[in-house]
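In what follows, a single structure is set out as structure tokens and then discussed.
The values are calculated or read from the model by the stated rules, or taken from the named source; none is laboratory data. What you are looking at is a predicted structure, and each value in this text was computed from that prediction instead of being measured. Virtual Cβ from ideal backbone geometry, glycine too; neighbours counted across all protein chains shown.
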Amino acid sequence: MVAKSKINKVEKITSEHWRLLLLAYPSKHLVQNYLQMGQVFDIKKDDRPIAILVLEAVSERGLEIKNIAVDPRFENQGFASRLLYFAIQYSKNHKYQQLQIGTGSTSFKQLYLYQKFGFRVTDIKQDFFTKNYKQPIYENRLLLKDMLVLTMNTEH
């Protein structure tokens, strides 16, 4: 049940965490880079991580969701919403003024969810995915090229 799911701070990244991290960001090299600076949180079921969130301070005022992923077996059960709500509260509690997240321009389900929470498109990183990944990524039968950056004001 989502309402009872506890969000835990992760101290050690396990192979199960890696599986989740690579669902959202399929480059171990890029994930390793932001894990050094980020804080990792997860939701567990039966002592196994089923959802993950990585937050990184990108400036004195800004916090970024670097990674958010849910095990496909647990999608559409509210876990991503729970992590997004947590990230927004974390941003407010730690006095960040903005929270941002990047996602693929073809990630329709994610774009809907982020906008439902109040994020707005503030930037486009053209050709981000074609420049940063060796293999082409197809999503919703479209070649993924651009990253959309969405931002939310979290000032009190």
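Inclusion of residue 53 among residues that are under 17 Å from residue 7 (Cα atoms), in contact (Cβ under 8 Å) with a residue 12 or more places away in the chain and of a type in the set (A, V, I, L, M) is warranted.
Taken as a whole, the structure places residue 151 among residues that are in contact with an Asp or Glu (Cβ under 9 Å, 6 or more places away or on another chain), part of a strand (DSSP E or B) and among the hydroxyl-bearing types (Ser, Thr, Tyr). One residue stands out among those in the range 5-63 that are acidic (Asp, Glu) and surrounded by 13 or more Cβ atoms within 10 Å (Cβ to Cβ): the one that is farthest from residue 85 (Cα to Cα), which is 16. Given the condition under 23 Å from residue 9 (Cα atoms) and not in a strand (DSSP E or B), answer yes or no: does some residue in the range 106-119 qualify? Looking for residues that are under 23 Å from residue 9 (Cα atoms) and not in a strand (DSSP E or B), one finds at least one in the range 106-119, hence yes. Taking every residue in the range 131-145 that is aliphatic (A, V, I, L, M) and pairing it with any residue that is surrounded by 10 or more Cβ atoms within 10 Å (Cβ to Cβ) and not in a loop (DSSP other than H, G, I, E, B), at least 6 positions away or on another chain, the pairs with Cβ-Cβ distances below 7 Å are 137/129; 144/104; 144/129; 144/138.
For the range 56-74, taking the residues that are touching a residue at least 12 places away in the same chain (Cβ under 8 Å) and either of a type in the set (Ser, Thr, Tyr) or in a loop (DSSP other than H, G, I, E, B) (or both), the one that is farthest from residue 42 (Cα to Cα) is identified as 61.
For every residue, the table says whether it meets (1) assigned to a loop (DSSP other than H, G, I, E, B); (2) surrounded by fewer than 17 Cβ atoms within 10 Å (Cβ to Cβ).
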{"site": "76", "(1), (2)": "yes, yes"}
{"site": "80", "(1), (2)": "no, no"}
{"site": "83", "(1), (2)": "no, no"}
{"site": "86", "(1), (2)": "no, yes"}
{"site": "90", "(1), (2)": "no, no"}
{"site": "96", "(1), (2)": "yes, no"}
{"site": "99", "(1), (2)": "no, no"}
{"site": "103", "(1), (2)": "no, no"}
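Annotation: of all residues in the range 135-151 being in contact with a helix residue (DSSP H, G or I) (Cβ under 9 Å, 6 or more places away or on another chain), hydrophobic (A, V, I, L, M, F, W, C) and surrounded by 13 or more Cβ atoms within 10 Å (Cβ to Cβ), the one that is nearest to residue 54 (Cα to Cα) is 150. When 66, 28 are checked against the criterion of being under 26 Å from residue 128 (Cα atoms), of a type in the set (Lys, Arg) and modelled with pLDDT of 95 or more, 66 stands alone in meeting it.
Restricting attention to the range 110-134 and to residues that are among the charged types (D, E, K, R) and modelled with pLDDT under 95, the residue that is surrounded by the fewest Cβ atoms within 10 Å (Cβ to Cβ) turns out to be 134. Could you give every pair whose Cβ atoms fall below 8 Å, whose first residue belongs to the range 96-116 and is farther than 12 Å from residue 24 by Cα, and whose second residue is surrounded by 20 or more Cβ atoms within 10 Å (Cβ to Cβ) and small (Gly, Ala, Ser), counting only separations of at least 6 or pairs across chains? Filtered contacts from the range 96-116: 98/91; 99/87; 99/91; 113/80.
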